[in-house]
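The values are calculated or read from the model by the stated rules, or taken from the named source; none is laboratory data. Every value quoted in this text rests on a predicted model; they were computed, and no experiment measured them. Cβ placement follows ideal geometry from the backbone for every residue including glycine, while neighbour counts extend to all protein chains displayed.
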Amino acid sequence: MDVAAETIGTDAYECALRALHHRDRTAFEIDEHLRGRGFSDDERAQAIETLRRTGLVDDERFTHARVASLAERGAGNTLIRARLAEAGVAVELVESALEEIAGEVTRARRIVERRGISAKTARYLHGKGFSYEVVAAVIAEGDGGELG
């Protein structure tokens, strides 16, 4: 343990457990958290391996829960992919989780039904990470192809 970690008076595993107390995290996020606290590569690797072995860190579980949560809050696939990339999630896990939720067009339609068809809604959808193609499709469905 280096000097910074000794001043905390704890080991990497305990530090990681405290981080997990607040919310579920990926192995990458735990590693970054521990790195920021001054733990060595070996200490971080050991702590993460223990957390994985005990099921406290599970990137697949995190991914499915996070994808569902973001989708429920109106995020498009682009935003979902970006948020999970920031968390260090493998692309394959993200794509697998995206296949299990309602399609992007379906989610965009729900938002259009709630907000109405307008240029403002189109901008909102784009800002929430929906692709141009999806935004154009759902807006065109409702207004006969014209946005104005």
Residue match in the stretch 99-120 (condition: in contact (Cβ under 8 Å) with a residue 40 or more places away in the chain and closer than 28 Å to Asp24 by Cβ): no
Subset of the stretch 104-130 [assigned to a loop (DSSP other than H, G, I, E, B) and modelled with pLDDT of 95 or more]: Lys128, Gly129, Phe130
Positions within the stretch 34-80 being more than 11 Å from the chain's Cα centre (by Cα), of a type in the set (A, V, I, L, M) and within 22 Å of Ser96 (Cβ to Cβ), in sequence order: Ile48, Leu51, Leu56, Val57
Residue in the stretch 49-59 that is under 26 Å from Thr121 (Cβ atoms), free of Cβ contacts under 8 Å to residues at least 40 places away in the same chain and part of a helix (DSSP H, G or I) present: no
Given (1) in the same structural domain as Val138 (by TED's automatic domain parsing); (2) in contact (Cβ under 8 Å) with a residue 24 or more places away in the chain, index of the condition Ala16 fails: (1)
The listed residue being under 30 Å from Val138 (Cβ atoms), in contact (Cβ under 8 Å) with a residue 60 or more places away in the chain and in contact with a Ser or Thr (Cβ under 8 Å, 6 or more places away or on another chain), out of Val89, Val94: Val89
Top-ranked residue of the stretch 131-148 - restricted to ones that are surrounded by fewer than 14 Cβ atoms within 10 Å (Cβ to Cβ) and not in a helix (DSSP H, G or I), ranked as modelled with the highest pLDDT: Gly144
